[in-house]
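Nothing in this text is a laboratory measurement; each read-out follows from the coordinates by a stated rule. The model shown is predicted, which means the values in this text are computed figures rather than measured ones. Virtual Cβ from ideal backbone geometry, glycine too; neighbours counted across all protein chains shown.
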Amino acid sequence: MKITLLTGKTYDIEAAVGFPLKVVKSPRAKRLTLRIDQKERLPVLTIPNRCSAKRAIDFVIEYKDWIEQSLNKIPQTQKFQDGTQITFFGKALTIRHAPQQRGSREENGCLYISGQSEFLHRRVKDYLKRQARKELWTRSKALADKLGCPLKDVTIKDTKSRWGSCSSLHNINYNWRISLAPESAINYLVAHEVSHLLHQDHSRSFWKCVAELYPQAEVGKDWLHRHGKELYTYE
Ligand SMILES: [Zn+2]
């Protein structure tokens, strides 16, 4: 943004500091202030009327580290949009907004979602949750049968704190975002939760059971540990 100073000179502060910045000129402002617009992920500089461009630029540069740190602290979030590419239970899918169509359908590597664009994210999520429930039920049931344990139900949750849980009533909850992880991570999580049907703790016998149900458990566990947070960016 170019600002016109009292001297009549136009000055491009953004270009001078070398990074994106929103500049607000406020006649009410008594001094230079910097804040972070969390939603726009931008530093906002407020400039009072009588302030030289040089002072404003020096001020921003002085707080450069603070700006950088503050921006890095804002959690990234993302929404599904037309063209978003995801991996859903290991298969690549491109999301396509198809407003005219009825319902949702998968075809040739695309997921076509109907309805108005403002509801696209929610509708994609609803679709993925529905499919995830079916798929996670099938996978969990197969492993539970292997252990000879009854499994009553599989529920899909939308928390930002955990991947799954298993209740003493033989129900398993999964976070829907696990469906976007690689197969190794999904299979590890399923083996983990199903093993809890037999072992309510994280004892040695528990981990032995996990490894028996899914021999590559370590690979999946490691992925989840390193990259799991990236999937939490989906709102
Ligand atoms: Zn556990």
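Computed quantities for the displayed model
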quantity: Residues whose placed amide H lies under 5 Å from that of residue 110, excluding near-sequence neighbours; calculated: 94
quantity: Using a Förster distance of 25 Å, the FRET efficiency for residue 64-residue 40 (Cβ separation, nearest 0.05); calculated: 0.85
quantity: Projected area averaged over orientations for region 2-73, convex hull of C-alpha atoms, nm²; calculated: 4.6 nm²
quantity: Label-point separation in nm, residue 167 to residue 82, each point 7 Å along Cα→Cβ; calculated: 4.2 nm
quantity: Leading residue at positive end of dipole, region 2-73 (Cβ point charges), from 44, 27, 66; calculated: 27
quantity: CD proxy at 222 nm, helix term only [per DSSP H run n ≥ 4: -39500 (n - 2.57); per residue of the chain; nearest 500]; calculated: -12500 deg cm²/dmol
quantity: Charged-residue dipole, Cβ positions (Lys, Arg, Asp, Glu), region 107-159 about Cα centre, Debye nearest 20; calculated: 180 debye
quantity: Amide H partners (placed H, <5 Å) of residue 36, local residues excluded; calculated: 44
quantity: Cβ-derived FRET efficiency at R0 45 Å, residue 74 paired with residue 199, nearest 0.05; calculated: 0.70
quantity: Coil-residue trypsin sites (Lys or Arg not before Pro) of region 135-196, DSSP, other Cβ within 10 Å capped at 15; calculated: 152, 160, 162
quantity: Charged-residue dipole, Cβ positions (Lys, Arg, Asp, Glu), region 35-85 about Cα centre, Debye nearest 20; calculated: 180 debye
quantity: ³J(HN,Hα), Karplus 6.51/-1.76/1.60, whole Hz, each residue of region 80-96, x for Gly, Pro; calculated: 5, 9, 4, x, 4, 9, 10, 10, 10, 6, x, 10, 6, 9, 10, 7, 10
quantity: Stokes-Einstein D (µm²/s) once Rh is taken as the Kirkwood radius of the chain over alpha-carbon pairs, at 10 °C in 1.306 mPa s; calculated: 74 µm²/s
quantity: Principal-axis tilt of helix 64-73 within the chain, Cα atoms, nearest 10 degrees; calculated: 30 degrees
quantity: Electrostatic dipole magnitude of region 85-231 [Cβ: Lys, Arg +1; Asp, Glu -1; Cα centre; debye, to 20]; calculated: 360 debye
quantity: Extreme residue, positive dipole direction of the chain, given options 110, 225, 77 (C-beta unit charges); calculated: 77
